[in-house]
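Input: a single structure, listed below in structure tokens.
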Amino acid sequence: MNLGAHMSIAGGVHLALARGVEHTCSVVQVFVKNQMQWKAPPLTDDHIRAFKRAKRETGIRKVIAHNTYLINLASPVERLWKKSIDGMLLELERCEALGINGLVAHPGSHVGSGEEAGLRRIAGALDIIHGSTAGYRTRILLETTAGQGTNLGYRFEHLRSIIDQVKEPSRLGVCIDTCHIFAAGYDIRKELAYRSTMDEFKRIVGLRRIKAFHLNDSKREFGSRVDRHEHIGRGRIGLAGFAALMNDTRFHEVPMTLETPKEDDMDRKNLKKLRSLLKS
């Protein structure tokens, strides 16, 4: 299986791969720039060569990226909406240069304009982005959310709506975050509940759209719509839910990364726990 964690790019994005090896990752997720700033210094040929060399040397061939938290493609404020589009274009350019095929993105927050208006805004932004990146291999992966505040993406129907509205739906995938869907009211605590939730996703969105998973337990209760990540097996989802996912052979080739708190070598411990759930 392709199991790993989000890794720091401090000192250079290529160093995230060496950190991944240290934590027993076979896949890593990275930011491709400072996640709290809009701009970034350009990637040089040396940066790109160092990253591609690190992929060869570490054996970590599957890398996904996560966009910065400043971006809001659903914003009703024109200036921020356009700035968010420019931000996504910058990140897609960097992913394409590095050979990263998936950029995970929270759909956005409607900030009071309403869900339907927000979903239209996201689709319009994606059309502009796709129109400016013809031929790119990097695909935007819409992430499921917990539904906190006015965030969109907490219902599978939101993702379906965005996909249906864009002009190039084949360029969109989905990243399922286990904590987020649980907090949003999709039960995955037991095998039967997990199967039911995945059947619902299959019916509404389609399993072929799933290109990544975030593996996080939840500090908060089922349906809370509060996004608080917990270590595997220590939260409200529990080990049975993760065992169901780990043993679902439909997703064994899909990259799965932790976004759990960085403390006490917990990435290594969480990955060991996940691997222990695999049936031989």
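The values are calculated or read from the model by the stated rules, or taken from the named source; none is laboratory data. Just so you know, these numbers come straight off a predicted model, no measurement behind them. Neighbour counts run over all protein chains shown; Cβ positions are idealised from the backbone, glycine included. Areas reflect the complete protein model, heavy atoms only, side chains present, ligands, DNA and RNA absent. Shrake-Rupley method; radii C 1.70, N 1.55, O 1.52, S 1.80 Å.
If contacts are Cα pairs under 8 angstrom and at least 6 residues apart, what is the relative contact order of the chain in percent?
17 percent
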Problem set entry | Surface per residue (accessible, 1.4 Å probe) for region 85-234, Å² | 38 Å²
Problem set entry | Inter-site label distance for ASP86 and SER196 at 7 Å from Cα along Cβ, in nm | 4.8 nm
Exercise. Considering only the other residues whose Cβ falls under 14 Å of the Cβ of GLU259, what net charge follows from Lys and Arg at +1 and Asp and Glu at -1?
Worked result: -4
For this session: Among the aspartates and glutamates, select those whose C-alpha is under 17 Å from the C-alpha of LYS279, and discard any that sit fewer than 8 residues away in the same chain.
Result: GLU191, ASP248, GLU253
Problem set entry | region 95-164, relative contact order in percent, only Cα pairs under 8 angstrom and at least six apart counted | 42 percent
Problem set entry | In Hz, Karplus ³J(HN,Hα) per residue of region 262-269 (6.51, -1.76, 1.60; θ = phi - 60°; x = Gly, Pro) | 8, 7, 6, 6, 6, 4, 4, 5
Exercise. Near the amide H of HIS66, under 5 Å away, which other amide H atoms are found, from residues 5 or more places off or on another chain, if H is placed in the peptide plane?
Worked result: VAL30, PHE31, VAL32, VAL104
Exercise. What does the highest-first list of 237-244, 53-60 look like by mean Cβ count within 10 Å?
Worked result: 237-244, 53-60
Seminar exercise, completed: Computed, not fitted: 222 nm per-residue ellipticity of the chain from DSSP H runs ≥ 4 (each -39500 (n - 2.57)), nearest 500, equal to -12500 deg cm²/dmol
Exercise. Which one of GLY149, PHE51, ALA193 has its Cα pushed farthest toward the positive end of the charge dipole of the chain, where Lys and Arg give +1 and Asp and Glu give -1 at the Cβ?
Worked result: PHE51
Seminar exercise, completed: Lys pairs in region 1-156 with Cα under 16 Å (8 or more apart in sequence, or on separate chains) total 4
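Once you sort the root eigenvalues of the Cα gyration tensor of the chain as a ≥ b ≥ c, which label holds: rounded (a/c under 1.5), prolate (a/b larger than b/c) or oblate (the other case)?
Values: a/c = 1.64, a/b = 1.06, b/c = 1.55.
Oblate is the answer for the chain, as a/c is 1.5 or above yet b/c matches or exceeds a/b.
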For this session: Enumerate the amide H contacts of LEU258 below 5 Å, restricted to partners 5 or more residues apart or on another chain; note that Pro and chain-start residues carry no placed amide H.
Result: GLY4, ALA5, HIS6, LEU215
